[in-house]
Amino acid sequence: MTTGAPTPVHPTPDRPGRPQQPRRSRLRTFVPLGLAGWLVLEIWLLTLVAGAASGLVVFLLLVAGVVLGAVVIKRAGRRAFRNLNEALQRGTAPSRGGNGLMMLGGLLLMIPGLLSDVAGLLLLLPPVQKAVGAFAERRLRVAAATPGTLGDAFQQARIHRPDGKVVQGEVVRDDR
């Protein structure tokens, strides 16, 4: 997010007078490399299966993954919507089911490739969902959402000025 503050410029000892470039984070360095490696591995596995069986088998596997992924996402979405409606009618918070991880599993099934299909199928298993959910909660340290109405979420506004500065303010509605 841009705050309008200029990026601090510090001269480096080896290059006086020249600004130091901000350090690139490890995540920005290794995520593209990991994605490229995953893509190469997926293509290699697909060519191995095509060589062992046939191109038609690979095509049918990919189509079956897309269809199964769509069905899984549709079912998980319906279940999540039903849980939300029931919670709203009861006036309580929605139950924490594995719908998000089930949808992620469906999405991984829809992505062409055998590794993503295996990962998607694993995410459909309840013990794996529990383990991944517990790991994600520990790792991300998810904080409980503060109770409030949907209107409370829109009370803060950010005004983006042409010069790039962000001015924070509060929206006051005069409904007469």
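The values are calculated or read from the model by the stated rules, or taken from the named source; none is laboratory data. Since the structure is predicted, the reported quantities are computational estimates derived from the model, not experimental observations. Here Cβ is always computed from backbone atoms with ideal geometry, including for glycine, and neighbour counts include all displayed protein chains. Side chains included, ligands, DNA and RNA excluded: accessible areas come from the protein's heavy atoms. Shrake-Rupley method; radii C 1.70, N 1.55, O 1.52, S 1.80 Å.
Can you give me the accessible area per residue for region 69-144, using a 1.4 Å probe, in Å²?
For region 69-144, the per-residue accessible area is 69 Å².
Between Asn83 and Phe30, what is the label-point separation in nm under the 7 Å Cα-to-beta-carbon projection?
3.1 nm
Just flag the trypsin sites (Lys or Arg not before Pro) in region 43-114 sitting in loop per DSSP whose Cβ has no more than 10 other Cβ atoms within 10 Å.
Arg96
Remind me, relative contact order of region 24-126 in percent, using alpha carbon pairs under 8 angstrom and six or more residues apart?
RCO, region 24-126: 28 percent.
As a test of reading the structure, rank Val172, Val58, Val66, Val40 by solvent-accessible area (1.4 Å probe, protein chains only), most first.
Reading off the accessible areas and sorting them downward yields Val172, Val40, Val66, Val58.
Under the √(5λ) rule applied to the eigenvalues of the Cα gyration tensor, what semi-axes describe the equivalent ellipsoid of region 57-97? Give them in Å, descending.
Each semi-axis is √(5λ); the values are 34, 7, 4 Å.
Across region 99-108, in residue order, what do the Karplus-derived ³J(HN,Hα) couplings come to in whole Hz, using 6.51 cos²θ - 1.76 cosθ + 1.60 with θ = phi - 60° and x for Gly and Pro?
Whole-Hz 3J(HN,Hα) from phi for region 99-108: 5, x, 5, 5, 5, 4, x, x, 5, 5.
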